[in-house]
Amino acid sequence: MNRKSDGKIKEAAALKYEPGEDAAPKIVAAGKGEAAQSILNKAKESDVPVHKDKNLAHILSSMGIGEQIPQELYEVVAEILVFISKMDTDYDAEV
């Protein structure tokens, strides 16, 4: 198992959201241990921004692939999406 320095098993999830197509962001990858590390490695290889939030990762990694996030997570995930969108806009302005 892939453990973090605090001894806990690493967890990760990847979300996808297509405005106008999806009612809410959905899980496209989720896992614990080696699967979580694989998700993080793929994100890094693909230059996909990673947001670290162990509580959110724990909730999302226990959900099924293709599931939409629950309504209780809309606000926190929306804040992350806005942050990532701003990062993309700032990056595009620099290039």
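Nothing in this text is a laboratory measurement; each read-out follows from the coordinates by a stated rule. Note that this is a predicted model, so its numbers are computed, not measured. Here Cβ is always computed from backbone atoms with ideal geometry, including for glycine, and neighbour counts include all displayed protein chains.
Computed with the Debye formula from one identical point scatterer per Cα of the stretch 11-94, without solvent, the log10 of I(q)/I(0) at q = 0.14, 0.26 Å⁻¹ comes to -0.48, -1.44. Protection proxy ranking for 30-39, 58-67, using the average of other Cβ atoms within 10 Å per residue and placing the highest first: 30-39, 58-67. Counting only residues at least eight positions apart within a chain, or on another chain, the lysines with an alpha carbon under 17 Å from that of Lys42 are Lys10, Lys16, Lys32, Lys52. Peptides 71-83, 8-20, 41-53 ranked from most to least packed, by the mean per-residue count of other Cβ atoms within 10 Å: 8-20, 71-83, 41-53. Look at where the Cα atoms of the stretch 72-87 and of the stretch 47-66 average out, and the two centres are 13 Å apart.
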